[in-house]
1. Just the residues that are at pLDDT 95 or above and among the charged types (D, E, K, R), please, taken from region 92-109.
2. So which of G97, G73, G112 is open to solvent by less than 60 Å² (accessible area, probe 1.4 Å) and in contact with a His (Cβ under 6 Å, 6 or more places away or on another chain)?
3. If you go through region 93-126, how many residues are over 21 Å from V33 (Cα atoms) and within 17 Å of the chain's Cα centre (by Cα)?
4. Looking at E129, E170, E157 in this structure, which one is open to solvent by 100 Å² or more (accessible area, probe 1.4 Å), of a type outside the set (F, W, Y) and in contact (Cβ under 8 Å) with a residue 24 or more places away in the chain?
5. Against the condition more than 18 Å from the chain's Cα centre (by Cα) and among the polar types (S, T, N, Q), how does S28 come out, does it pass?
6. For the structure I just gave you, tell me whether L147 is under 27 Å from the mean Cα position of the chain (by Cα) and surrounded by 13 or more Cβ atoms within 10 Å (Cβ to Cβ).
7. For the condition under 28 Å from S21 (Cβ atoms), of a type in the set (G, A, S), free of Cβ contacts under 8 Å to residues at least 40 places away in the same chain and open to solvent by less than 60 Å² (accessible area, probe 1.4 Å), what is the one hit in S88, S138, S152?
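The values are calculated or read from the model by the stated rules, or taken from the named source; none is laboratory data. Because the structure is a prediction, the values reported are computed rather than measured. Glycine gets a Cβ as well: all are built from the backbone with ideal geometry, and neighbour counts include every protein chain shown. These accessible areas exclude ligands, DNA and RNA; they are computed on the full protein's heavy atoms, side chains included. Shrake-Rupley method; radii C 1.70, N 1.55, O 1.52, S 1.80 Å.
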Amino acid sequence: RDPATAFLQMLGGSYGRVGASAGAGFASGDNHVGLALGQDRLDGFSATNSSYPFGTFPDQDGYRNRNAALRAGVAIGSQQLEASALVSDADVEFDEGETAANNRVYALQLSGPLGAGWSHGLVLGRSSEDLDTPVYASRFGSARTSLDWTVSNALDERNSIDAGLNFARE
């Protein structure tokens, strides 16, 4: 969302779905900061068919998610430095237990003109996921670090030449 615009969102639905998110920010010229917080909950429904001869768990399989996002940017000369973060913690129920799913995404970007029609974007990113399912003694984690650099030369209003480099480690 635009960090200069405040918002409030509420939602509701069937199976006990209730959620809300809110955010606010400040912007002045090329400088900005914005924060958003949210929560979503679903009481759920049974994922099994009661007429199935075995393995029936007639419970409600719900979902909960809590999240936060931050975005900030500052002008440094002709360049723009931006930082962003997204954090999400969720609990997903299923018939025999639940999985805790924690996701993190961070980025730092420097972009702007390089002169004579050239511009660039340099982005350092980090993302991770942690899935923990105690009932199966299962834990899965992944992480990715990436570095991307793109350069562009505007030939005219509709055409450009673009090139880029990417490094990723998973």
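1. Hit for region 92-109 is R104, nothing else.
2. Values: G97 fails: in contact with a His (Cβ under 6 Å, 6 or more places away or on another chain); G112 fails: in contact with a His (Cβ under 6 Å, 6 or more places away or on another chain).
The match here is G73.
3. Of the residues in region 93-126, 4 are over 21 Å from V33 (Cα atoms) and within 17 Å of the chain's Cα centre (by Cα).
4. Numbers: E129 fails: open to solvent by 100 Å² or more (accessible area, probe 1.4 Å); E157 fails: in contact (Cβ under 8 Å) with a residue 24 or more places away in the chain.
Just one listed residue meets the conditions, E170.
5. Working: more than 18 Å from the chain's Cα centre (by Cα): yes; among the polar types (S, T, N, Q): yes.
When the stated conditions are applied, S28 passes them.
6. Details: under 27 Å from the mean Cα position of the chain (by Cα): yes; surrounded by 13 or more Cβ atoms within 10 Å (Cβ to Cβ): yes.
Yes: the conditions hold for L147.
7. Numbers: S138 fails: under 28 Å from S21 (Cβ atoms); S152 fails: under 28 Å from S21 (Cβ atoms).
Only one candidate passes the filter, namely S88.
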